[in-house]
Amino acid sequence: MSTAAPEAPARAVPFEFFDAHVVRTLRLGPTMLRITFGGEPLRDFASGGRDQRFKLFLPHPGQKAPVVPTDAGDAWFTAWRAMDPSVRGIMRSYTVREQRRFPQHELDIDFALHGVGDPSEASSAGFVPAGPASRWAATARPGDRVTLLGPTVHDNAGVDFRPAAGTDWVLISGDETALPAIAGILEWLPPGTPAKVWIEVPHAEDVQELPTTADADITWLVRENTTGNRTDFHLASLAAAGLPEGTPYAWIAGEAGTVKALRRHLVGERGFDRKRVKFTGYWRMDTSEEQLVEEAVSGAAGATGD
Ligand SMILES: Cc1cc2nc3c(=O)[nH]c(=O)nc-3n(C[C@H](O)[C@H](O)[C@H](O)COP(=O)(O)OP(=O)(O)OC[C@H]3O[C@@H](n4cnc5c(N)ncnc54)[C@H](O)[C@@H]3O)c2cc1C
């Protein structure tokens with residue numbers, strides 16, 4: 001964007017394992033739960049801000065701490081996959097909402113809870129039971145132990161929001177799982193950057209104040225206000241919007257089917273250059289993260305002829 005300096009490509013630095021524990025929890029709304037993690041090892045965790053992602057490893061019920069292959073170095077993923085699934089730490093992807101390095105060594109992670117809470121939902125059509133991460137977060141207590149696989153330098157490959165040189169304005173779109181990343185991006189954007197933002201949340205009480213000095217026009221899409229399909233709801237709002245003049249950079253994340261439909265709209269109907277649209281499925285309807293990982297592994301094996 002004309003207001004942001006072009007960036008060098010991210011360095012592909014090795015991430016490291018960090019042991020951490022829950023310090024406190026804070027309910028932000030019906031869906032969002034902030035968990036603050038702490039611990040001396042986090043002194044060396046170096047978030048790059050924006051949509052900084054990392055891997056979170058959780059213990060199985062009955063385990064005191066997650067079991068992770070800390071000695072495997074860059075081969076950690078192969079080592080982790082070779083372990084007994086009922087023993088190895090449960091791996092999920094999350095975003096750093098905020099890091100406070102000194103003196104506390106704390107990280108805030110905002111969990112979008114699903115399938116927990118209101119028991120009346122359990123009998124409703126389309127109800128999806130909670131996955132392990134949502135279940136773990138909903139009952140997390142101070143002292144509970146986790147392991148993070150995260151960056152040791154700020155300029156790292158886990159930051160995806162990188163507007164190309166020549167960007168005049170940004171388009172940001174996501175659901176509640178992308179809300180922590182969107183909050184981080186809005187905090188990072190240079191003052192006055194024109195930003196059109198769509199954020200989908202389940203309930204009106206999930207709407208948050210998002211501090212920014214950007215010139216941000218935020219549309220909150222509250223799903224409890226519609227009986228329609230979530231993708232159509234999001235797409236209709238974006239498709240009806242007038243967009244600024246100039247060269248855009250778009251960042252889209254959230255449920256994979258919705259992300260795909262939004263990207264298709266921007267590239268196919270709005271004429272966005274596909275190289276200027278960063279899109280990431282943060283989760284997929286009816287598919288656990290274990291299934292997504294296995295799909296990715298077999299896709300990669302197929303691509304190399306294995
Ligand atoms: C780079 C990246 C960053 C992410 N950052 C965050 C973050 O900061 N905060 C956050 O809350 N999530 C974030 N996510 C999404 C999160 O990793 C997934 O929602 C994850 O599937 C949750 O794990 P689980 O064990 O609760 O459910 P899983 O065991 O993975 O899935 C169980 C079932 O729940 C469904 N499901 C998963 N997530 C949801 C949901 N949100 N709503 C409804 N159904 C769901 C699945 O389709 C499946 O049917 C991020 C994902 C990625 C890839």
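Just the number: Rg to Rh for segment 159-275, Cα atoms, Kirkwood Rh, two decimals. Don't jump to the answer; show the numbers that get you there.
On the way: Rg = 13.5 Å, Rh = 14.5 Å.
Rg/Rh: 0.93.
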Using only the Cα atoms of the chain, what semi-axes does the equivalent ellipsoid have when each is the square root of 5 times a gyration tensor eigenvalue? Give whole Å, largest first.
30, 24, 21
How much length is gained if the chain between T213 and E245 is pulled fully straight, taking 0.36 nm per residue apart and subtracting their Cα-Cα distance, in nm to one decimal?
9.5 nm
Expressed in angstrom, Rg and Dmax over the Cα atoms of segment 133-181 are 16.2, 47
Given bins 5 angstrom wide, list per bin the percent of all Cα-Cα distances in segment 10-100, short to long.
2, 11, 18, 25, 21, 14, 7, 2
Can you tell me, using C-alpha contacts under 8 Å and at least 6 residues apart, the relative contact order of the chain as a whole percent?
21 percent
Determine, at each q value in 0.14, 0.18 (inverse angstroms), the log₁₀ of I(q)/I(0) that the Debye formula gives when each Cα of segment 61-206 is one equal point scatterer.
-0.95, -1.32
Of all lysine pairs in the chain that are eight or more residues apart or on different chains, those with Cα atoms under 19 Å apart total 6
What base-10 log of the normalised intensity I(q)/I(0) is obtained for segment 173-227 from the Debye formula, alpha carbons as equal point scatterers, at q = 0.14, 0.25, 0.27 Å⁻¹?
-0.35, -0.96, -1.08
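Using +1 on the beta carbon of Lys and Arg, -1 on that of Asp and Glu, and nothing else charged, what's the dipole of segment 245-286 about the Cα centre, debye to 20? Present the calculation step by step, with values, prior to reporting the outcome.
Details: 9 positive and 5 negative charges, 37 e Å.
Computed charge dipole of segment 245-286: roughly 180 debye.
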Take each uninterrupted DSSP H stretch in the chain, measure its Cα extent along the helix axis, and return the ones at 20 Å or beyond whose mean Kyte-Doolittle hydropathy is at least -1.0.
289-303
For every helix of n ≥ 4 consecutive DSSP H residues, a contribution of -39,500 (n - 2.57) applies; sum these over the chain, divide by its total residues, and give [θ] at 222 nm rounded to the nearest 500 deg cm²/dmol.
-5500 deg cm²/dmol
Per-selection Rg to Rh, segment 12-51 - Cα, Kirkwood hydrodynamic radius:
1.05
Surrounding charge for P59, neighbours by C-beta under 15 angstrom, Lys/Arg +1, Asp/Glu -1, total +4
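Can you tell me the FRET efficiency between R100 and T287 if r is taken as the Cβ-Cβ distance and R0 is 22 Å, rounded to the nearest 0.05?
0.05
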I want the local charge near G143. Using Cβ-Cβ distances under 11 Å, sum +1 for each Lys or Arg and -1 for each Asp or Glu among the other residues.
+3
Under the √(5λ) rule applied to the eigenvalues of the Cα gyration tensor, what semi-axes describe the equivalent ellipsoid of segment 43-89? Give them in Å, descending.
23, 15, 10
DSSP beta bridges in the chain: the antiparallel percent, rounded to 5, is 55 percent
Rounded to the angstrom and largest first, Cα extents along the principal axes for segment 215-306 equal 47, 34, 23
In a shell of Cβ-Cβ distance under 13 Å around T36, excluding T36 itself, what net charge do Lys and Arg (+1) and Asp and Glu (-1) give?
+1
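Just so you know, all these numbers are worked out from the coordinates, no wet-lab data involved. Because the structure is a prediction, the values reported are computed rather than measured. Cβ: placed from backbone, ideal geometry, glycine included. Neighbour counts: every protein chain shown.
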